Amino acid sequence: MFATIKKTYTFVAILFGSFIIMTALTTSESLFDQMKTFGHQKIVFCNDPDSGLKAIIAIHDTTLGPALGGTRMWAYKSEADALNDVLRLSKAMTYKSAVAGLNLGGGKAIIIGDSRKDKSEALLRKFGRFIKNLNGEFITAEDVGTNPRDMEYIRMETQHVMGAPESIGGSGDPSPITALGVFMGIKAAVKELYGNDALAGRSVVVQGIGHVGENLVRLLRDENAMVYVTDINEERIGQVAKKYGAQAVSNNTIFDIEADIYSPCALGATINAQTIGKLKYAIIAGSANNQLEDEQEQGRMLLEKGVLFAPDYVINAGGVINCYSELMGFSKKRTLQLTENIYEATRNVLRLSKAEKISTIEAANKIAEKRIADIKKVKSTY
Ligand code: NAD
């Protein structure tokens with residue numbers, strides 16, 4: 001689904017109010033061809049020399065509802081990389097919300113720049129005005145390089161932003177909810193493989209014990225799972241291990257550990273051509289986005305190897321569920337219920353994968369595409 005398009009592409013995009021003028025300078029694949037490849041509806045290029053804002057908002061599909069996705073701020077090496085990232089990420093949001101059963105479409109925004117140096121109130125508020133002009137077709141939230149404070153600035157210009165701090169009526173930090181969803185995904189995979197979903201006596205390696213990882217360690221230890229923790233931050237490994245009674249392990253040795261479950265909660269692409277041969281785990285289930293470097297190739301290899309992969313975008317949907325709840329004015333209780341549904345959503349994916357002998361990621365994609373196609377037909381009459 002998210003195959004990287006290799007290209008050399010530069011473009012100039014100037015947005016005057018609602019008039020978008022775009023000139024492709026050199027490209028091996030035109031912008032519209034790329035939109036066709038990914039299936040996008042709309043891309044908005046935002047340019048504001050005064051604040052230094054350069055951003056791209058990609059709206060992938062709004063069949064199920066408004067396109068919701070975070071805003072990532074990153075110092076991309078090139079505009080082509082930035083465009084590729086936002087196209088890939090926005091499409092993933094469509095699939096994530098579809099499988100989670102939410103009435104949301106998929107979108108994403110990127111701001112080009114170093115989040116430590118280039119952020120300002122003016123830049124974020126200007127970006128908020130671009131979102132405002134989309135009249136609710138796109139709703140954003142925090143992502144890599146942005147935080148709840150940034151959402152507050154965006155909110156000064158538009159109401160179409162979720163994940164503001166709880167103190168001002170937002171849904172706050174989504175990480176505990178994301179961790180709960182991942183925990184449900186792990187239990188569903190354990191049920192599929194071992195016939196019951198009890199975690200006592202099962203062993204789990206959690207790689208990356210940041211916001212999501214630490215909450216996951218807590219949930220796993222509460223059910224008496226044996227937990228190994230690792231991170232690039234050595235100090236954190238010791239702290240978290242001590243706090244929850246987990247085993248501290250070095251990040252370099254994670255593929256040598258004998259454990260049932262590997263839970264990547266740091267970076268993507270940890271399952272790749274180099275690591276897949278070393279995998280000894282029975283289950284892979286974590287929060288990191290895009291855990292498979294090449295989802296088709298490694299998805300198939302995992303199937304052949306008999307490793308059960310709970311697709312990342314199915315089990316890490318807690319964050320988007322949190323935003324959806326905020327949007328709909330749901331209670332905390334309802335948010336928890338929706339997140340607990342990730343257990344059934346994962347079971348459905350694993351069942352379809354088994355029945356049709358397709359990789360779990362292919363199964364998840366099929367479920368998402370079917371829901372979107374079905375609802376498109378529902379909406380075909382007034
Ligand atoms: P975080 O930044 O709080 O934590 C990431 C942790 O991983 C940090 O402790 C960091 O030191 C560690 N880390 C970084 N590189 C590493 C490496 N190479 N090996 C081992 N550890 C490494 O991030 P988070 O909010 O906990 O999110 C974790 C992952 O889950 C990310 O990939 C994120 O995109 C994804 N995710 C998060 C949410 C959410 O609600 N926060 C929702 C969906 C997906």
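Each value in this text was obtained by applying a stated rule to the coordinates, not by laboratory testing. All values derive from a computational prediction rather than experimental measurement. Neighbour counts are summed over all protein chains in view; Cβ atoms, including those assigned to glycine, are modelled from backbone coordinates with ideal geometry.
By the compact-protein rule of thumb, 2.2 N^0.38 Å, the alpha-carbon radius of gyration of the stretch 264-382 corresponds to a ratio of 1.19.
Using only alpha carbons, the stretch 175-370 has a radius of gyration to Kirkwood radius ratio (Rg to Rh) of 0.95. Ordered by the number of other Cβ atoms lying within 10 Å of each residue's own Cβ, fewest first, ASP114, ASP231, ASP260 fall into the sequence ASP114, ASP260, ASP231.
Calculated from the alpha-carbon coordinates, the chain shows an Rg and a Dmax of 20.5, 61 Å respectively. A Gaussian network model of the chain, with springs between Cα atoms under 10 Å, assigns the largest mean-square fluctuation among VAL99, VAL240, VAL144 to VAL144.
Taking the beta-carbon count within 10 Å as an exposure proxy, list THR275, THR270, THR339 from fewest neighbours to most.
Placing the least packed residue first, the sequence is THR275, THR270, THR339.
Taken about its Cα centre, the chain carries a charge dipole of roughly 700 debye when the Cβ of each Lys and Arg holds +1 and the Cβ of each Asp and Glu holds -1. Taking ILE321, ILE358, ILE59 in turn, the Gaussian network model of the chain (Cα-Cα springs below 10 Å) assigns the largest fluctuation to ILE358. One chain, two ends: ALA269 and ILE168. Fully extended at 0.36 nm per residue, the span grows by 32.8 nm beyond their Cα-Cα distance.
List the longest stretch of the chain that has no exposed loop site; here a site is one of the trypsin sites (Lys or Arg not before Pro) assigned by DSSP to anything other than H, G, I, E or B, with at most 12 other Cβ within 10 Å. Could the numbers behind the result be given before it?
Working: sites that count: LYS6, LYS77, ARG116, LYS117, LYS280, LYS357, LYS379.
Free of exposed loop sites, the longest segment is 118-279.
Exposure proxy for HIS160, HIS40, HIS60: other Cβ atoms within 10 Å of each Cβ, ordered fewest to most, give HIS160, HIS40, HIS60.
Calculation over all alpha carbon pairs of the stretch 134-284 in 5 angstrom steps from 0 returns a P(r) of 2, 9, 17, 18, 16, 13, 10, 8, 6, 2, 0 percent. Each helix, a run of at least 4 DSSP H residues, gives -39500 (n - 2.57); summed and divided by the residues of the chain, these come to -13000 deg cm²/dmol at 222 nm.
With Cα atoms as the point set, the radius of gyration and Dmax of the stretch 101-204 evaluate to 18.2, 55 Å. Nearest-5 percent of antiparallel DSSP beta bridges in the chain? The answer is about 45 percent antiparallel.
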